[in-house]
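The structure under discussion appears below in the form of structure tokens.
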Amino acid sequence: MQSQTAIAHIQHLQDKIAYPLQGLAKLAFNCWWSWSSEHLSIFRNIDFEKWEQCQHNPVELLETVPSERLAQLAADPEYCQRVLELVAQFEQYLVTQDTWASRNLPPDQLQKPIAYFSIEYGIVRCLPTYSGGLGILAADHLKSASDLGLPIVGIGLLYRQGYFKQQLDFTGWQQEIYPDYRFEELPIELCRDAQGEALTVTLQIRDRQVRAQIWQVQIGRINLYLLDTHREDNEQIDRWITGQLYGGGQDTRLAQEYLLGIGGVRALQLLGIKPQLYHLNEGHAAFATLEIARQLMESTGTFDEVRPLVRDRCVFTTHTPVPAGHDIFPRDQIAPYFTHYWQQLGLSKEAFLDLGNRHPGKDGWEPFNMTALALKMSRSANGVSQLNGKTCRQMWSCLYSNVPVEEVPIGQITNGVHHRTWTAPLIADLYKQYLHPDWATHVTDAQMWAKVDAIPDDELWWRHQRLQAALIAYTRLQIKQARERRGEPTEAIAAAEQLLDPNILTIGFARRFSSYKRGDLITYDPERARAIFSNPERPVQMIVAGKAHPADEESKRIIQRLIKWSHHSDVRNRLVFVEDYDMHIAQKLVQGVDVWLNTPRRPHEASGTSGQKVAFNGGINCSILDGWWCEAYQEGVNGWAIGDTADNDDTEIQDRADAESLYELLETEIIPCYYDQTAGIPHRWVQMMKASMRTIAPFFNTDRMVADYVNQMYLPKHEVSKRAKVEMH
Ligand SMILES: *Cc1c(COP(=O)(O)O)cnc(C)c1O
């Protein structure tokens, strides 16, 4: 039924578009275009400026571009040909039966979908449903599942104001801006019934009946459903349950998680989708397990009787390596939400609250822990890197009092990235030539990746330099616009054109600003850092981006300190901060930098993925041995490791040691290697770029990751033992 309305909106757009470009409307409503062979260019070519203005939103672009422009393009045979080819490719993608899943999975595993729950999704730039790595990971998971032909359906929330937009004031202090998104202009569709009315689920939240409508996002072959309470028939306060991602107070968060978990399960039921399995990405969605139990109890048994059935249908991924990072709610806060609910489950208040208890047996004072609930109600659980798995087993051994720590049933599947989304077309084109015409489908083939050594150094280097030039041009423009907006003096605005230099070693650092990520470790010793950046023969420059959570004052101060440091006359052109980090800026950065820096406090980085995106583009990682890098790093081969694996609980001592190690690496290894050039080509460096691709790409991608999820988490246990390993090829 929802497809009917999708057709209605597409039809409306198609009517606007001149023959033979109507296929653009179809492309616009499925995010597949964002990782197609044409990436952004098919829409960007329509109207570059408008494309930027509308945040790469193809629906808004097509709705607002003058029809004369579309008529003009319809008369351009080359453009028409490109559209027709892309549409044909898209239609082929949608219908093909020959997929990895169809070749490797038992047919009965392909009947019912996996339901994937996540509180954020970073799918495309224009959909404001993400804040950082967790969301990017969730979307990359769905994109690869689509490519592999795995039946999966996503559940999430749609936020009226998304995550905030970031601007910095004159003093480098972060300002948060909350635009109201107009959902009718986004590439999404409201799910309606046969009468055209919005489908809604109703939940009792804070003693009121709250209705949530459902939006559909198409991600290749996969549908993602997002719940939204912004409806006239809800009270104002309830409309704001889906107001902002990670905004509002603790109570709003609780309402959101109630909606995601319980509303999500009901939405699937309403849509007629019967999942074989529920995958909870992080603890936010753990209430889903309660609703699954409640529904089962309608036909059979008590809570204790259905609990094993629920466990058998849920799997859980935990990301958070520190107790303080987990979602917890005070008992007094959570109780009013569930007064009606524990009765339906036939539980006493105490028995109910005990489900979220981290230390079984202790009661009365511990807050309700969403991770504890998810662990208790899932048949298997995993961390997101080897190290993170180990950390989680230690942290959660309290739940499994009779087992040694090594046997705590939390495994690990290391995160990856969707290579089609993150690889620059200019580099993908090289892979096509030198590795395999269809390299992306064979991404897990290590032998194929060995062929990167055959790429001529100069060929790889000039392409990399072109991407870096594009990054620098883009950065200058962003800085210039930010200075104009702040009303800076004309000279300062004009000076933005001179920032950065394409012939200087370029470091990138971009991610959420959170104190454990130590975004200012590079300036730990301000003098020494200045000497490194402003060295007249072998200078260094750095592009930084990232948002601090609105309530995180300490991280805002970190940003401010960095900006202040960059104002020193010696380094004025050498460190720049690009505001409002998002997926698009991430793409530009990971595709254009020489070195990608990551400086988390071990073991706080559960996995991290941005460095993997860099490797697909030939960038080189310099990072703390935390998360994924701990597994990928090969000394002297594919990058650099800051510090070692001996952790010190005294953060001051640890920070000083790590900063010292970083400076030494820069001074004695990274900078000399980069500037060791013959005829403008740093051959040793290029060797390392190739090693970075060769050693990282075949494993740290979401095709491998999703296959691991299928083998270790999704397939029923008896299937896994029957087919010890589902081969990728
Ligand atoms: C990849 C990505 C991240 C994750 O970065 P980490 O360094 O792994 O934390 C965060 N934000 C955006 C926009 C990204 O594209």
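The values are calculated or read from the model by the stated rules, or taken from the named source; none is laboratory data. Just so we're clear, the structure is a prediction, and the values are computed from it rather than from any experiment. Cβ atoms come from the backbone with ideal geometry, glycine included; neighbour counts cover every protein chain shown.
If you go through segment 607-659 and keep only what is in a helix (DSSP H, G or I), away from the ligand (no atom under 11 Å from the Cβ) and either buried (at least 24 other Cβ atoms within 10 Å of the Cβ) or in contact (Cβ under 8 Å) with a residue 40 or more places away in the chain (or both), you end up with A615, F616, C630, E631, A632, T651, Q654, D655, R656, D658, A659.
Which of the residues spanning segment 693-718 are under 18 Å from the mean Cα position of the chain (by Cα) and within 17 Å of S146 (Cβ to Cβ)? Once the filter is applied, which keeps residues that are under 18 Å from the mean Cα position of the chain (by Cα) and within 17 Å of S146 (Cβ to Cβ), segment 693-718 yields N701, T702, D703, R704, M705, V706, Y709.
Just so you know, in segment 536-590 the residues that are within 18 Å of the chain's Cα centre (by Cα) and assigned to a loop (DSSP other than H, G, I, E, B) include one that is farthest from the ligand (Cβ to nearest atom), and it is H549. Tallying residues that are in contact with a helix residue (DSSP H, G or I) (Cβ under 9 Å, 6 or more places away or on another chain) and within 16 Å of the ligand (Cβ to nearest atom) within segment 387-422 yields 11. Listed by position, the helices (runs of 4 or more DSSP H) contained in segment 53-144 that have at least 2 residues being within 17 Å of L158 (Cβ to Cβ) and in contact with an Asp or Glu (Cβ under 8 Å, 6 or more places away or on another chain) are 58-64. Out of L467, L471, L500, one residue alone is at pLDDT 95 or above, among the hydrophobic types (A, V, I, L, M, F, W, C) and part of a loop (DSSP other than H, G, I, E, B). It is L500.
Screening segment 516-535 for residues that are in contact with a His (Cβ under 9 Å, 6 or more places away or on another chain) and within 16 Å of the ligand (Cβ to nearest atom) and picking the one that is farthest from D582 (Cα to Cα) gives Y516.
Taking the numbered list (1) surrounded by fewer than 17 Cβ atoms within 10 Å (Cβ to Cβ); (2) assigned by TED's automatic domain parsing to the domain that holds H12; (3) under 23 Å from H418 (Cα atoms) in turn, F48 passes all entries but (3).
Every condition in (1) more than 16 Å from the ligand (Cβ to nearest atom); (2) out of contact with any Leu (no Cβ under 8 Å at 6 or more places or on another chain) is met by R601 except one, and the failing one is (1).
Kindly indicate the residue of segment 431-446 that is more than 22 Å from the chain's Cα centre (by Cα), among the hydrophobic types (A, V, I, L, M, F, W, C) and surrounded by 21 or more Cβ atoms within 10 Å (Cβ to Cβ) and also nearest to the ligand (Cβ to nearest atom) among those meeting that condition.
Here is the first cut: in segment 431-446, the residues more than 22 Å from the chain's Cα centre (by Cα) are 431-439, 442, 445-446.
Now narrow it down to the ones that are among the hydrophobic types (A, V, I, L, M, F, W, C): 435, 439, 446.
Then drop every residue that is not surrounded by 21 or more Cβ atoms within 10 Å (Cβ to Cβ), which leaves 435, 439.
Details: L435: 23, W439: 21 Å.
Only one residue fits best here, namely W439.
Of the set (1) away from the ligand (no atom under 16 Å from the Cβ); (2) assigned to a loop (DSSP other than H, G, I, E, B); (3) crowded, with 23+ Cβ neighbours inside 10 Å, all apply to G156 but (2).
Against the test of being among the small types (G, A, S), within 25 Å of T129 (Cβ to Cβ) and without any contact (Cβ under 8 Å) to a residue 24 or more places away in the chain, the options A531, A510, A551 yield a single qualifying residue, A551.
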